[in-house]
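Read through the structure below, which is laid out as structure tokens, and then see the notes.
The values are calculated or read from the model by the stated rules, or taken from the named source; none is laboratory data. Everything numeric in this text was worked out from a predicted model, so none of it was measured. In this analysis, Cβ positions are derived from the backbone assuming ideal geometry, glycine residues included, and neighbour counts consider all displayed protein chains. These accessible areas exclude ligands, DNA and RNA; they are computed on the full protein's heavy atoms, side chains included. Shrake-Rupley method; radii C 1.70, N 1.55, O 1.52, S 1.80 Å.
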Amino acid sequence: MLSRLFTKEFWDRALSRMIRTVVQGFIASTASCSLIGEVDWALIGSTALLAMLTSLAMSILWALPEEDEQKEFEQRQKHNG
């Protein structure tokens, strides 16, 4: 499992996940601050950064378990198709 951490595929997927997570955190924080009436860009930036770091930590800890599910799905598609 640790060997996955040293592959380009792992880091591509981890980066993709981090970007999605940062965007989600940015949108949620901006919407929340807008409802309150004042956008605090430092809060939004720190929320997005924390989301990115959390996403990276989770990717490393779990070594992206959905990789196996995706590969299994692709193999089933090839086998059935």
If you look at just the Cα atoms of the chain, how large are its Rg and its Dmax in Å?
17.0, 55
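How large, in percent, is the carbon and sulfur part of the accessible surface of the chain at a probe radius of 1.4 Å? Don't skip to the end; give the middle numbers.
Values: 3990 of 6080 Å².
C and S atoms contribute 66 percent here.
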Thr54-Ser16 pseudo-label distance in nm [points 7 Å out on the Cα-to-Cβ vector]:
2.2
Probe of 1.4 angstrom, ligands and nucleic acids ignored: what's the accessible area per residue over the chain, in square angstrom?
75
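Rounded to the nearest 500, what is the chain's calculated 222 nm mean residue ellipticity when only DSSP H runs of at least 4 contribute -39500 (n - 2.57) each, over all residues?
Only helices count here, giving -28500 deg cm²/dmol.
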Keeping all protein chains in position, work out how much accessible area Trp62 exposes to a 1.4 Å probe, and write it in Å² to the nearest 10.
140
Compute the FRET efficiency between Val23 and Asn80 as 1/(1 + (r/R0)^6), taking r as their Cβ-Cβ distance and R0 = 35 Å, and round to the nearest 0.05.
0.50
How much of Glu9 can a 1.4 Å solvent probe reach, expressed as accessible area in Å² and rounded to 10?
80
Sorted on mean Cβ neighbours within 10 Å (highest first), peptides 25-37, 46-58 come out as 46-58, 25-37
